[in-house]
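K.L.:
I am attaching a structure below and will ask some questions about it afterwards.
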Amino acid sequence: MPTRRAALAALLALPCPALAQRRSVDPDLAFPTAGPRDWRAQLPQIRIGLLGGENEADRLGRFGAYRDLMEKTFGVPARLYPASDYAGVIQAFGAKQLDIANMSPAAYAGAWLDTNGGVEPLVTTEESDGGISYVAVMLVRADSGITSLEGMRGKAMAWSDPNSASGYLIPRFSLRRQGINPEQFFGRTGFAGGHEQAVVAVLQKQYDAAVTWASGQGEASEGFTRGALRAMVEKGLVDMKQMRVIWRSEPIINGPQTVRTELPAAFKDDMKLFHLALPRAHPDIYKQIERGGGAGYREVSHADYQFMIDMRRQEAAERRRRG
């Protein structure tokens, strides 16, 4: 019989959900008509959470037009709540201080576990090839002399965030599948405080390598088509000539737009349609919030993220054993 780890590995490699669901490329999708909604009595404002991993000013700048469009469309105030790290958004969902947030798959799993199923996914990002996955990449400085994963033995590794799939959970899971114990393989590890911060820490020679997320499509020399690296290239924070990609993970399902389960069904339907129709109706806003190009969104369900729930439980069990 297959082991639990083998079963998780098989789920991790799945490129898309099992069921065909609505997509931004569907020709019959129309952006929601502007006007008041019946759910306004229960939601006098829309509270939007922003995950950490990028400096706060840049996050607020990228999401400003998105917030304004949401206010104009639904006729209620929309507020942005940037968190310093992934845990901040997870905890805010648990305290019912947020209504919607674009989560990483691991952050969604953490919020679902912390709230006992009190959150649910609506849509996830679809890449330019029609898939809905991304990859974790390990980066070193181009002048470091490190050209492969083996070259990181005994070196210093920067994880992005303990609640990040690509910046922590997936790399550790994948390395263990390769027979590598991260606690023993690397000489030193630490959390940099976010994806952007991890890459900067490598550039400043505080660590030898970092892991972050990328679409895995397009040219690595350009920071790929979408992701933390592409955003940093476009902001002038990194020149990919300074960096070398030495490892990448299996495909990981993109994180979902997440809402609290108890919110009105009509609100959830409006949020789905708002995002599904956004790329064609307002392409500039879509590109801003997604940090690069893609094909839009696709509906997802909780079942698509069950593997991440299982992985987080496994990681927690291993921490307890180590402790």
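K.L.:
Expected output is a single nm value to one decimal: the length gained when fully extending between Gln306 and Asn181, i.e. 0.36 nm times separation in residues minus the C-alpha distance. What is it? Let's see the in-between values first.
P.N.:
Numbers: separation 125, 0.36 × 125 = 45.00 nm, distance 2.45 nm.
Roughly 42.6 nm would be gained on extension.
K.L.:
What ranking, highest mean first, results for peptides 33-46, 97-110 when packing means the other Cβ atoms within 10 Å averaged over each residue?
P.N.:
Numbers: 33-46: 12.1, 97-110: 26.4.
Ranking the peptides 33-46, 97-110 by packing returns 97-110, 33-46.
K.L.:
Round to the nearest 0.05 the FRET efficiency obtained for Lys96 and Ser148 when R0 = 51 Å and r is the Cβ-Cβ distance. Intermediate results must be reported in sequence, preceding the final value.
P.N.:
Working: r = 47 Å, r/R0 = 0.92.
So the FRET efficiency works out to roughly 0.65.
K.L.:
Turning to a different aspect of this structure: How tilted is helix 105-114 with respect to the longest principal axis of the chain? Cα atoms for both, answer in degrees (0 to 90, nearest 10).
P.N.:
Approximately 70 degrees, to the nearest ten.
K.L.:
Just need the relative contact order of the chain here, percent rounded to a whole number, with Cα pairs under 8 Å and 6+ apart.
P.N.:
For the chain, the relative contact order is 28 percent.
K.L.:
Continuing with the same structure: Starting from 0.36 nm per residue, how many nanometres of slack lie between Asn116 and Arg22 once their C-alpha separation is accounted for?
P.N.:
Length gained between Asn116 and Arg22: 31.1 nm.
K.L.:
Antiparallel DSSP bridges in segment 133-252: what percent, to the nearest 5? Working shown, then result.
P.N.:
Values: 13 of 19 bridges.
The answer is about 70 percent antiparallel.
K.L.:
Another question, if that's okay. Note down, for segment 31-190, the three equivalent ellipsoid semi-axes (square root of 5 times each alpha carbon gyration tensor eigenvalue), biggest first, whole angstrom. Display every interim value, and only then the final one.
P.N.:
Values: eigenvalues 273, 58, 44 Å².
Its equivalent ellipsoid spans semi-axes of 37, 17, 15 Å.
K.L.:
Sticking with this one: Report, by chain and number, residues whose modeled amide H sits under 5 Å from the one on Ala136, excluding near sequence neighbours (fewer than 5 apart, same chain).
P.N.:
Counting only residues 5 or more places away or on other chains, the set is Ser249.
K.L.:
What number, rounded to the nearest 500 deg cm²/dmol, is the helix-based mean residue ellipticity at 222 nm of the chain, given -39500 (n - 2.57) per DSSP H run of at least four residues and division by all its residues?
P.N.:
On the way: 11 runs with 117 residues, N = 323.
So the helix-based figure for the chain works out to -11000 deg cm²/dmol.
K.L.:
Here is a follow-up. At Ala265 and Glu56, where each label point lies 7 Å from the Cα along Cα→Cβ, what is the point-to-point distance in nanometres?
P.N.:
Here the answer is 4.0 nm between the modelled labels.
K.L.:
When a/c is below 1.5 the answer is rounded, else prolate if a/b is larger than b/c, else oblate, so apply that to segment 250-315 with a ≥ b ≥ c taken from the square roots of the Cα gyration tensor eigenvalues.
P.N.:
Working: a/c = 2.78, a/b = 1.34, b/c = 2.08.
Judged from the Cα gyration tensor, segment 250-315 comes out oblate (a/c at least 1.5, b/c at or above a/b).
K.L.:
How fast does segment 29-69 diffuse by Stokes-Einstein, in µm²/s, taking the Kirkwood radius from C-alpha pairs at 25 °C and 0.890 mPa s?
P.N.:
Details: Rh = 12.7 Å.
My calculation gives 193 µm²/s for D.
K.L.:
With charges set only on the Cβ (+1 for Lys and Arg, -1 for Asp and Glu), what does the dipole of the chain come to about its Cα centre, in debye to the nearest 20? Working shown, then result.
P.N.:
Numbers: 40 positive and 36 negative charges, 171 e Å.
My answer is approximately 820 debye.
K.L.:
What share of the DSSP beta bridges in the chain is antiparallel, in percent to the nearest 5?
P.N.:
On the way: 27 of 40 bridges.
Antiparallel: roughly 70 percent of the beta bridges in the chain.
K.L.:
Expressed as a fraction of 2.2 N^0.38 Å, the rule-of-thumb size for a compact globular protein of N residues, what is the C-alpha radius of gyration of the chain? Before the final figure, lay out the partial values.
P.N.:
Working: Rg = 19.3 Å, N = 323, 2.2 N^0.38 = 19.8 Å.
For the chain, the normalised Cα radius of gyration comes out at 0.98.
K.L.:
When the Kirkwood hydrodynamic radius is evaluated over all pairs of different C-alpha atoms of segment 133-252, what value in angstrom, to one decimal, is obtained?
P.N.:
Numbers: mean 1/r = 0.0724 Å⁻¹.
Hydrodynamic radius (Kirkwood, Cα only) of segment 133-252 equals 13.8 Å.
Each value in this text was obtained by applying a stated rule to the coordinates, not by laboratory testing. No experiment lies behind these values; they were computed from the predicted model shown. So basically every Cβ, Gly included, is an ideal-geometry build from the backbone, and we count neighbours across all protein chains shown.
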